[in-house]
Each structure stands twice: as structure tokens, then as C-alpha cells.
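The block underneath contains the structure these notes are about, expressed in C-alpha cells.
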Amino acid sequence: MLTGGGTARQVFRHAEGEATAGHEVEPVWGEIFYRCDFCEPDTPAVWSYQVIPVETRIGITAGLRPGEMFSSKGLNDTPWYACPACAELIEARQWRELLKRSLSLYEERKGHKAATGLRIQTHETHQQFVQMMTGLRLPLDGSQ
């Protein structure tokens, strides 16, 4: 599809991880939308943080016998995206403030305090990012 001399790309508005949320992924025509991986789901990202590949635990499944557990693993090697406010905290290495920002925005959106498990998971996710980041961030608008 040509628009004003350019080509519109077929994109998916939601994240890849949401593709199995009980429905088929439907492609749409439009702009590529990168959302911040650290705060609000609809906050546009302006920076891409490059990371080294890290093996991650995807989930734990109970086995058929009592006490039997299985852990599956995956590889996280995709860039992480940040909005201006989160990127500022990342650049300043203000990890505690980044965590506070993430959790307070979640609580504001949901109308209740984040459960302890979510608070721990968010902290661990941020720590994983710290270990993975190469220090190189790229602007999503293509400028340098």
C-alpha cells in the first residue's frame, strides 16, 4: 500500500507475548509502535537499549508426582524500550527510582497496591535488564 510515496508497513499493535492471549494475532496497517518496557503499557518509547542474550526462566510446571516440578527456559535477546522519563532514570542508574516509578504507575492505573509477588517480579526484571544491557542506547527515530 503506497501512501504519499512511502510504503505503509504491516505491523502488530500489541507485544509478541500477548499473541497467545486467547485470540489470533490480526495484522493492521499503521505506524510501528514501541512501548516503554518499564512503565505504562501505552507510553511510547523513544529509546532502544541493546542487550546481550540471557537465558531466562519462562515458567515452572508441576509434574504428575507430588513435589515434581519442571522449569522451562528461554532466551531473552531483544532490545528493551524506554520512554523519556524511564530512560533518564536508567542513564542516571537510579534503579530504585525506576522501580518506584514502575510500581506507582501500575498502582495508579489499577487503583490498588501491587501485590508483593508483583513487586518482587518487577524488581527482578529490572535487575535482569541491568545485567543484560550493553550500555548502548539507540534513538528510535533513527537519529544519533
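Evaluated against (1) in contact with a Ser or Thr (Cβ under 6 Å, 6 or more places away or on another chain); (2) at pLDDT 75 or above; (3) over 24 Å from Y34 (Cβ atoms); (4) among the hydrophobic types (A, V, I, L, M, F, W, C), I60 falls short on exactly one condition, (2).
The single residue among T125, T134 that is within 13 Å of the chain's Cα centre (by Cα) and of a type in the set (V, I, T) turns out to be T125.
Listed by position, the helices (runs of 4 or more DSSP H) enclosed by region 84-132 that each have at least 1 residues that are open to solvent by 80 Å² or more (accessible area, probe 1.4 Å), at pLDDT 95 or above and farther than 19 Å from Y34 by Cβ are 95-110.
The values are calculated or read from the model by the stated rules, or taken from the named source; none is laboratory data. Only a predicted model underlies this, so the values are computations on that prediction, with no experimental measurement involved. Neighbour counts run over all protein chains shown; Cβ positions are idealised from the backbone, glycine included. Accessible surface areas use protein heavy atoms only, side chains included; no ligands, DNA or RNA. Shrake-Rupley method; radii C 1.70, N 1.55, O 1.52, S 1.80 Å.
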